[in-house]
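For reference, the structure discussed in these notes is given below.
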Amino acid sequence: MTGPRLPRLAVALDAPSLEPLEPIIDALDGLPVAAKVGLSLFCAVGPAVVHHLHQARLPVFLDLKLHDIPHQVALAVRAVARLDVALLTVHASGGSAMLRAAAEAAGDRTRLLAVSVLTSLEQADLDADGHAWTTAETVARRCRLAHACGMHGAVLSARELALVDELPAEFLRVTPGIRSAAAAPDDQRRTLSAGEAIAAGASMLVVGRPILQAADPRAATVAVLEEIADALRRRSGGKDATTA
Ligand code: C5P
């Protein structure tokens, strides 16, 4: 990969338009974070949102969770790669041909992350879909498939990190659902703190509302970055590991 080294924290800019995000984008100035843009913001603003964030010197993590026939996904990945996006998500459940087509289309500056199993799905949903495996087995199988098909990493719950122990360290483990012990869990059900997630092997954390809704979003971001740096020092025995 020739893309820039990745920060350890992605701030989820979940809003229906750019306007309410401007103070947050200003608050992130100069901090080593990526900006995660979800489907809703991308649909509302379009590729201009990526240019806007690049002007603010933020690497962009485009969370579009692509899932379609291989040809269509390859075209979409190629279009996103032309925007110089650092990270893009696709659904691991799209199958090996789709994943391989995505990997071929990504170029060497955009890293692809496979979404293993949506955390909004329960075992009953997988059962109804005819799956023979538990959610945990499905996560592990899809992460192995994603790795075999050339994905650079996966999005998974911090509590599922142990399921992918066998995959190489370079395979990125990106984990949402991060809350400090004192914080409101919002609609997240199974949360870990930033330090706990890094200790469990996460490469990059996704944090949204605890930063977006903080009285001082910059201070909240710096606090998460410090917690990550402390946990990385403990995990790596003092070596610099501040980028993924
Ligand atoms: O506000 P909060 O910190 O809960 O934001 C989490 C972000 O991570 C949101 O953008 C959400 O869409 C995303 N996400 C998640 N759970 C997943 C995958 C992505 O919460 N399994």
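Can you list the helices (runs of 4 or more DSSP H) found entirely within region 176-244 that contain at least 3 residues being within 16 Å of the ligand (Cβ to nearest atom), modelled with pLDDT of 90 or more and surrounded by fewer than 14 Cβ atoms within 10 Å (Cβ to Cβ)? Write out each step before concluding.
Values: elements: 194-199, 209-212, 217-236.
Output list is empty.
How many residues, within region 3-46, are among the charged types (D, E, K, R) and touching an Asp or Glu at 6+ places or on another chain (Cβ under 7 Å)? Can you show your working first?
Initial filter on region 3-46 (among the charged types (D, E, K, R)): 5, 8, 14, 19, 22, 26, 29, 36.
Checking which are touching an Asp or Glu at 6+ places or on another chain (Cβ under 7 Å) leaves us with 36.
Final tally of qualifying residues: 1.
Quick one: in region 91-107, of everything that is within 20 Å of Thr135 (Cα to Cα) and without any contact (Cβ under 8 Å) to a residue 40 or more places away in the chain, which residue is surrounded by the fewest Cβ atoms within 10 Å (Cβ to Cβ)? Break it down stepwise before answering.
Taking region 91-107 and keeping what is within 20 Å of Thr135 (Cα to Cα), we get 91-96.
Subsequent filtering for residues that are without any contact (Cβ under 8 Å) to a residue 40 or more places away in the chain retains 91, 94-95.
Details: His91: 23, Gly94: 22, Gly95: 15.
Among those that are within 20 Å of Thr135 (Cα to Cα) and without any contact (Cβ under 8 Å) to a residue 40 or more places away in the chain, it is Gly95.
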Pairs where the first residue, in region 118-135, is over 20 Å from Val90 (Cα atoms) and within 16 Å of the ligand (Cβ to nearest atom) and the second is β-branched (Val, Ile, Thr) and not in a helix (DSSP H, G or I), C-beta under 8 Å, 6+ apart: Gln123/Thr134
Conditions (1) crowded, with 18+ Cβ neighbours inside 10 Å; (2) hydrophobic (A, V, I, L, M, F, W, C); (3) touching a residue at least 40 places away in the same chain (Cβ under 8 Å); (4) more than 19 Å from His147 (Cβ to Cβ); number of the one not met by Leu31: (1)
Breaking point among (1) surrounded by fewer than 22 Cβ atoms within 10 Å (Cβ to Cβ); (2) within 16 Å of the ligand (Cβ to nearest atom), for Leu88: (1)
One residue from Ala44, Ala56, Ala10 being buried (at least 17 other Cβ atoms within 10 Å of the Cβ) and small (Gly, Ala, Ser): Ala10
Unmet criterion (only one of (1) within 18 Å of the chain's Cα centre (by Cα); (2) within 11 Å of the ligand (Cβ to nearest atom)) for Leu172: (2)
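The values are calculated or read from the model by the stated rules, or taken from the named source; none is laboratory data. Keep in mind that this is a model prediction, so the values were computed, not measured. Cβ: placed from backbone, ideal geometry, glycine included. Neighbour counts: every protein chain shown.
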